[in-house]
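Chemist: Sharing a structure below in structure tokens format, with a few things to ask.
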Amino acid sequence: INDEQGRSIINVSGSPVASETNDFNVAMADADGNLICIGPYVLFHLSAVSLMIRKAKELLGDAFIEEGDVYLCNDPWMGAVHHNDVCLIAPVHHEGRLVAWVGSTIHQVDVGGPAPGSWNYLARDTFQEAPRYRFLKLMRKGVIQPEVMETYLTNSRTPHLVELDLRGQIAAANIAKERLDLLFRKYGAGTVADVMADMLAYTEFLLRKKLEEIPDGEWYAEDYLDHSGHRDAIYAIRLKLTKRGSQLTFDFRGTDAQSDGFINATYAGLLGGVFTGLVVLLCNDIPWNDAVFNPVQIISDIGTINNCSFPAPCRIATISATLHTCDATVAVLGRMLSCSDTHRHSLMAGWMGTGFVFNVFGRNQYDEPFGTMMVNSHMGGGGARYFADGYDNSGSINVPRPSITNVESAESIYPLLYLCRRRAVDSAGAGAFRGGVSGENAITPYGTSEINIVASTLTSNNSSSAGLAGGYPGGGSQVLLKEATGVIAAMKNKRFVPASWEELPGEELVL
């Protein structure tokens, strides 16, 4: 049922962010908000669904939550990792009683605010970022509320894409609720609830059993951000992992204070980073659900870079403090697994340690307004495994089923031409087993009178892909610019166009 929920979003949404790059996720939860089934897309999104269901129950109360409702929320202090991660949650009722929840989160291209794509790197607090919404009742008793929909869309520069995203999420919720209703009718709500409880108990049992087989100890990792959006500055995420019996404690005390730039993450981002490391490294043979947190304690000071206090800016949290929290979690769990004869085969070095996305807005080659986000970090390399090289161009450890925009699709709808998309030579970390290689693109705009590109990468050609057990780190991300290359003129005159960045004429500018 949950897989069908995900496929519905891909099929209905017209936004390449969801339909081509899989920047979304879906989940089903029990009546209390415990995630039972999760999708194989962006794992950071899942903490949002779980937190938001609990926040909705707390703020709205059971009397306000009615059959056929769908709630919209994108507030990072309610569970969204950042403002563009728009979550829709829907209660599931059977015979008049709340029995489950379904939910999904999509990165929507533009949700308003002063900057195209809602990525305002000039922001010094969250009021200078995109609007935040807390549990707008987008559907009431199964009917879309047009005044809510129109009010929400009026803030977006890409309302047509955003509306399709919302309708895709509504379709996904509807199909999941319909399938669950058949399940409840066939087996009874009590039986289904018991199975959900058994699934949680089974995951906790298996994880505790695995932890008991790993030696007790303490391990430490650090990860760094090197720019705030305003200035060069080093921000450290510090993590001590303590393992005693079947219990893990992730202690982030000592992490640097929050920034006045948009690189911070709220507690939702911290939770998403830890969740990702946990399920990928420790639960490769265990069902993924909320019970992975039952043997886990997280300690963190409010007001730090990955647990910021309101109203700190946090627009770029997904590829900054959240991703770097994940990097630190993966590193510290890898060190723990390296001490276990029984489970050493599960350890991996850090995957691609930095995000790489760029938002493109302006007028396209058909002189129409357009905007999109392109997720090139899904070309990153996977970390080396204990027994083999890492996977090439495998994307982020945070996305089990990554995808990337098709070149021909992008060229047909955007004023962009690709000179190349290829593997990046020597981008993998060296070692007895190397990491996976990353990728590189060379892209030029054409046929447009107006284009604005904001490229976002943490860090600037410094690596956050740490090696393990003496292995070397992987490469970093970098944005280069060449002007006056003559590429478009050469194409029009049917002359040879080099597919190598190094062969292109023009002065190189390192951004």
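The values are calculated or read from the model by the stated rules, or taken from the named source; none is laboratory data. In this text, all values refer to a predicted model and were calculated from it rather than measured experimentally. A quick note on method: Cβ atoms are made from the backbone with ideal geometry, for glycine too, and the neighbour counts reach across all protein chains shown. The protein model used for the area step is the full one, side chains on, heavy atoms only, and it has no ligands, DNA or RNA in it. Shrake-Rupley method; radii C 1.70, N 1.55, O 1.52, S 1.80 Å.
Chemist: With label points built 7 Å along Cα→Cβ from the Cα atoms of Arg7 and Tyr187, find their separation and express it in nm.
Modeler: Result for the modelled spin labels: 2.0 nm.
Chemist: With just the Cα atoms of segment 294-440, tell me how far they stretch along each of the three principal axes, in Å, largest first.
Modeler: That works out to 60, 43, 25 Å along the principal axes.
Chemist: Please give the peptides 281-290, 211-220 ranked by average Cβ packing (other Cβ atoms within 10 Å per residue), highest first, as a rough proxy for protection.
Modeler: Working: 281-290: 18.9, 211-220: 14.7.
Order by mean packing, descending: 281-290, 211-220.
Chemist: Pull up the cross-link candidates among the lysines for Lys57, meaning alpha carbon to alpha carbon under 25 Å and not fewer than 8 places away within one chain.
Modeler: Lys57 reaches Lys137, Lys141, Lys177.
Chemist: In addition: Given a Förster distance of 56 angstrom, what is the FRET efficiency for Met491 paired with His230, based on the Cβ-Cβ distance and rounded to 0.05? List each step's numbers first, then the result.
Modeler: Values: r = 39 Å, r/R0 = 0.70.
Once rounded, the FRET efficiency stands at 0.90.
Chemist: Take the Cα gyration tensor of the chain, multiply each eigenvalue by 5, square-root it, and list the three semi-axes largest first, rounded to whole angstrom. Mind dumping the intermediate values first?
Modeler: On the way: eigenvalues 246, 183, 84 Å².
Values for the chain, descending: 35, 30, 20 Å.
Chemist: Give me the Debye-computed log₁₀ of I(q)/I(0) at q = 0.11, 0.15, 0.19 Å⁻¹ for segment 243-359, equal point scatterers on Cα only, no solvent, two decimals.
Modeler: The calculated log intensity ratios at q = 0.11, 0.15, 0.19 Å⁻¹ are -0.38, -0.68, -1.03.
Chemist: Mind checking the full-extension length gain between Lys141 and Tyr446? Use 0.36 nm per residue of separation minus the Cα-Cα distance, one decimal, nm.
Modeler: Numbers: separation 305, 0.36 × 305 = 109.80 nm, distance 4.76 nm.
My answer for the length gained is 105.0 nm.
Chemist: Now a separate question. By the scheme Lys and Arg +1, Asp and Glu -1, what is the net charge of all other residues having a beta-carbon under 15 Å from that of Ser346? Can you show the working numbers first?
Modeler: Working: positive: Lys209, Lys210, Lys243, Arg335, Arg344, Arg385; negative: Glu213, Asp285, Asp341.
Surrounding charge for Ser346 is +3.
Chemist: Which value in deg cm²/dmol, rounded to the nearest 500, describes the helix-derived mean residue ellipticity at 222 nm for the chain, given -39,500 (n - 2.57) per DSSP H run of n ≥ 4 and division by the residue count? Don't skip to the end; give the middle numbers.
Modeler: On the way: 10 runs with 139 residues, N = 511.
Helix-only estimate at 222 nm: -9000 deg cm²/dmol.
Chemist: Okay, moving on. Taking the Kirkwood radius as the inverse of the mean 1/r across Cα pairs, report the Rg/Rh of segment 155-202.
Modeler: Values: Rg = 16.6 Å, Rh = 13.1 Å.
The Rg/Rh ratio comes out at 1.27.
Chemist: According to a simple spin-label model (label point 7 Å from Cα along Cα-to-Cβ), what is the distance in nm between Leu153 and Leu59?
Modeler: 2.4
Chemist: Among rounded, prolate and oblate, which fits segment 60-213 when a ≥ b ≥ c are the square roots of the eigenvalues of its C-alpha gyration tensor, a/c under 1.5 means rounded, and a/b larger than b/c means prolate?
Modeler: On the way: a/c = 2.60, a/b = 1.47, b/c = 1.76.
Oblate is the answer for segment 60-213, as a/c is 1.5 or above yet b/c matches or exceeds a/b.
Chemist: Now for a separate question. Heavy-atom accessible area per residue, the chain, 1.4 Å probe: how many Å²? Mind showing how you got there, number by number?
Modeler: Working: 20180 Å² over 511 residues.
Accessible area per residue, the chain: 39 Å².
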